[in-house]
Number of protein chains: 2
Amino acid sequence: MALPAELAAKLKRGPDGLFAAIAQERDTGIVLMMAWMDDEALERTLATRKGTYYSRSRQEYWVKGETSGHTQYVHDIRIDCDGDTLLLTVDQVGAACHTGNHSCFDTEPLEFTDSVIDSTDPDTGGH
Amino acid sequence: MALPAELAAKLKRGPDGLFAAIAQERDTGIVLMMAWMDDEALERTLATRKGTYYSRSRQEYWVKGETSGHTQYVHDIRIDCDGDTLLLTVDQVGAACHTGNHSCFDTEPLEFTDSVIDSTDPDTGGH
C-alpha cells in the first residue's frame, strides 16, 4: 500500500519527513488538535478513517483513542495550497486532548504586548 | 524585546526552531491557513496583532497581507497542551490564500482507500 503518486508528489515534508495534520470537529468547527503525520500515517488514516499520527517524541505511530477510547472518525481530508499541512474534519468521541480538555487549545490566551486599547479594535466601530 | 520567559519555556520548537501556527477565522470558524513561526515572529505578532510568520522556503519573516493587502488582525492566541502549535483567532481581510481562495484548504478532498460505504457511516444511522 502506498499513497497515490499525485498525492505523494504534492506533500511537502519537513526535515524530519513529517507534515502537520490539524483535526477540526465537524459539528462545532472547534480546532481540536494538531499532530504530525508521515506518509505511512496518512496511508493508514485513508485506509481506516481513524486519525493516525506519528509521535515525534516517542517515534512511533499512534491511533487517536486507541488507549483512551477517544477515537476520531475522519470524514474529510484536505491538503493545503503548498502541501505541508492537512486539515482533517472529524467526529471526536470524548476529549481530544490527553489532559481531558475537549480541545488541546483550551488553554489561557497569550498576552499581547501591543499598546492598543480595546476601543481601537477595528471591530468595535461598525457593529 | 523577548518573549515572556514562561512562554518561551513552554514552546516546543522543531529541529529548525519553528513551531506551527494555525489561523482560524473568528466569525466563521473556518481554518484559513497554517504557517510557521519562530520566537521572533511570535513576538512581532504579539506586539502588532498582525499575523507574522517565518517562511521556510524564503527564510524570512512575512507579515500576512503586507503585499496583498489581505491582512490578518489577531484577536486571540492559544498555545496547545504540548507547546508545539499555536491557534490564532483572526479577522481576515480578503482571501487568506495566495491562490485567491478564501482558505488554503479550499482544495479537493483526498480519496479514502477504505472499503466503507456511506451507509455504514456512523452518522447516517441515528439522525
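A short reminder: the numbers here are calculations on the coordinates, not readings from a lab. Note that the structure is a prediction, hence the values are computed from the model and not measured. Note that each Cβ is placed from the backbone with ideal geometry, even for glycine, and that neighbours are counted across all protein chains shown.
The table that follows gives values for the structure above.
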item: DSSP beta bridge pairing in the protein assembly as shown, given as percent antiparallel to the nearest 5; result: 75 percent
item: Mean separation of Cα contacts under 8 Å, 6 or more apart, over the residue count of chain A: relative contact order %; result: 23 percent
item: Ellipticity estimate at 222 nm from DSSP helix runs (n ≥ 4, -39,500 (n - 2.57)) divided over the protein assembly as shown, nearest 500; result: -4000 deg cm²/dmol
item: Acute angle (nearest 10 degrees) that the helix A:39-48 long axis makes with the longest principal axis of chain A, alpha-carbon atoms; result: 90 degrees
item: Nearest-first distances (nm) between copies at A:VAL63, label 7 Å from Cα via Cβ; result: 4.9
item: For B:THR113, residues with placed amide H under 5 Å, excluding near neighbours; result: A:ALA47
item: Förster radius 25 Å - calculated FRET efficiency between A:SER68 and B:ASP76, Cβ distance, rounded to 0.05; result: 0.35
item: Sequence-distant residues sharing a close amide H with A:GLY51 (under 5 Å, placed H); result: A:LYS64, A:GLN72, A:VAL74
item: Average partner coverage of B:54-61, which counts Cβ from other chains inside 10 Å; result: 1
item: Derived scalar couplings ³J(HN,Hα) [the stretch B:100-106; Karplus, 6.51 cos²θ - 1.76 cosθ + 1.60; whole Hz; x for Gly, Pro]; result: x, 6, 4, 10, 5, 9, 7
item: GNM top mover of A:GLY69, A:GLY83, A:GLY51 - chain A, alpha-carbon springs below 10 Å; result: A:GLY69
item: A from B by rotation - nearest chain B beta carbon to the axis, in Å; result: B:GLY29, 2
item: Mean-position separation - Cα centroids, the stretch B:53-110 and the stretch A:2-79, in angstrom; result: 20 Å
